[in-house]
Amino acid sequence: MQNEWREGRGESRGEMLVRRKGDPELSGGAEMKIKAGGTGGGELEKETLMMELNKLVQKMVKESSWWERRGLDCSILAAAFLCLPPAFLLLSSSHVVWFSVGMLLMAVAHGVIAFKGTHLASHGALSESPAWGQFWAVFFIEVCGSFSAPAGIQGHIKMHHAHTNVIGLGDSSVWKVPFLPRTVYLFFAPLAVPVITPLVALGHLKGLSLAHVVRTVLMVALGLYSQYWLLIHVSGFESPLSALLCMLVCRAMFSVPYIHINIFQHIGLPMFSPTRRPKRIYQMTHGVLNLRRNPLLDWIFGHSLINCHVEHHLFPFLSDNMCLKVKPVVSKYLLDKKLPYQEDSYFSRLGLFFHKYQELMVFAPPITELVGVQ
Ligand SMILES: [Zn+2]
């Protein structure tokens with residue numbers, strides 16, 4: 001059934017009223033109210049909320065050292081690269097335990113570099129200099145992530161961040177594969193991510209200049225071939241097939257949670273119409289969810305993709321560590337202003353997506369209108 005959202009009016013100023021027809025959670029077209037204090041006072045006050053929060057965050061950024069702003073995250077990425085030589089050496093062992101440790105070490109290092117590194121680099125969060133920012137974007141996205149830097153930046157920054165949860169623009173529908181059954185989508189298809197990623201990158205080369213195309217193909221090939229070459233010459237893999245299989249296992253080890261986190265934090269939350277989108281602070285607080293802290297996920301994907309996703313969408317220029325530092329201030333501010341601050345655990349979201357797969361991942365999402373704040 002095609003869901004339809006209707007506009008209603010809150011009984012008092014500062015209260016948003018959201019109504020959805022045909023929502024199984026809201027029987028008989030019942031109304032769902034979202035309290036949004038601090039909205040009285042019109043247009044000016046709506047802008048002021050974001051400006052006020054921005055001031056608080058900018059003050060914290062100014063008072064932070066380089067280590068806090070960038071150093072810690074750059075060091076985590078450097079540590080991931082330093083794990084690679086021992087990983088290649090451990091993979092040369094004939095002892096099953098050491099070989100497995102090598103595999104795990106390489107998978108974790110690859111995860112940190114390809115997920116956390118690629119994400120921070122796409123935001124230019126690794127360096128203050130634009131030239132270095134561009135260099136790191138190409139290095140992380142193309143060499144390490146096997147994707148096209150212009151396509152990655154266009155999709156993530158210019159669409160997902162600029163139009164978060166706006167239908168047809170940043171609605172996370174690129175992650176939906178409705179013809180796949182839920183078990184295949186959630187647990188098996190993500191294992192193909194390392195193979196699909198460079199193929200999708202090739203598809204995105206259409207329309208780019210010849211120089212961009214040549215660079216991307218060379219950089220992606222350099223990343224893949226250097227790992228293959230080291231597995232043959234340092235780890236001593238005897239057949240090309242075994243080296244390729246090892247690459248696939250290491251690169252796919254964390255692709256299941258990678259797909260999960262990309263859908264858990266936006267899909268199922270309010271989606272907005274391109275013509276009646278709410279102000280940025282409402283768009284981000286209603287359309288973004290934080291996952292609870294989890295040491296493994298925090299390290300591999302970074303705080304901005306896990307427990308500080310709301311902060312990341314409000315302040316996308318901050319590094320992972322700075323998102324974590326401003327989190328208490330941002331969450332307190334939003335709660336004080338009676339704005340949503342959505343949090344859930346990874347496994348609770350997994351249960352939700354498993355049980356409501358059809359509704360969340362197959363059917364078209366309904367549109368939310370935040371009445372009184374648009
Ligand atoms: Zn981002």
For F99, F272, what ranking results if the residue with the fewest other Cβ atoms within 10 Å of its Cβ goes first? F99, F272
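Semi-axes of the equivalent ellipsoid of the chain: what are they in whole Å, largest first, if each equals the square root of 5 times a C-alpha gyration tensor eigenvalue?
Numbers: eigenvalues 302, 113, 71 Å².
That gives 39, 24, 19 Å for the three semi-axes.
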Separation between Cα centres of segment 143-205 and segment 296-321, rounded to whole Å: 19
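How would segment 159-233 be classified by its alpha-carbon gyration tensor: rounded, prolate or oblate, with rounded meaning a/c under 1.5 and the a/b versus b/c comparison settling the rest? Let's see the in-between values first.
Numbers: a/c = 2.82, a/b = 1.31, b/c = 2.15.
Oblate, because a/c is 1.5 or more while a/b does not exceed b/c.
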With a point put 7 Å past each Cα toward its Cβ, work out how far L191 is from W229 in nm, to one decimal. 3.0
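For a 30 Å ceiling on Cα separation, which of these pairs sit above it: K116/K332; K176/K338; K59/K158; K55/K116?
Too far apart for the 30 Å limit: K176/K338.
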DSSP loop GluC sites (Glu not before Pro) with at most 14 other Cβ within 10 Å excluded, longest remaining stretch of the chain: 239-374
How much length, in nm to one decimal, is gained on full extension between F354 and W98, taken as 0.36 nm per residue of separation minus their Cα-Cα distance? 88.6 nm
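Rounded, prolate or oblate, given the Cα gyration tensor of segment 68-181, with a/c below 1.5 counting as rounded? It would help to have the intermediate numbers written out before the result.
On the way: a/c = 2.82, a/b = 1.46, b/c = 1.94.
Oblate is the answer for segment 68-181, as a/c is 1.5 or above yet b/c matches or exceeds a/b.
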Looking at segment 113-202, which chymotrypsin sites (Phe, Trp or Tyr not before Pro) are DSSP coil and have at most 15 other C-beta atoms within 10 Å of their C-beta? F179
Relative to the longest principal axis of the chain, what angle (0 to 90°, nearest 10) does the C-alpha long axis of helix 42-62 take? 40
How much length would be gained if the chain were fully extended between K338 and V256, taking 0.36 nm per residue of separation minus their Cα-Cα distance, in nm to one decimal? 26.1 nm
Tell me, how many Å apart are the Cα centres for segment 223-261 and for segment 72-120? 11
To test your reading of the geometry: what angle, between 0 and 90 degrees and rounded to tens, separates the Cα axis of helix 210-233 from the longest principal axis of the chain? 50
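No value in this document is a laboratory result; all are computed from the given coordinates. From a predicted model like this one, the values you see are computed outputs, not experimental measurements. For neighbour counting, all protein chains shown are included, and Cβ atoms are generated from backbone atoms with ideal geometry for every residue, glycine included.
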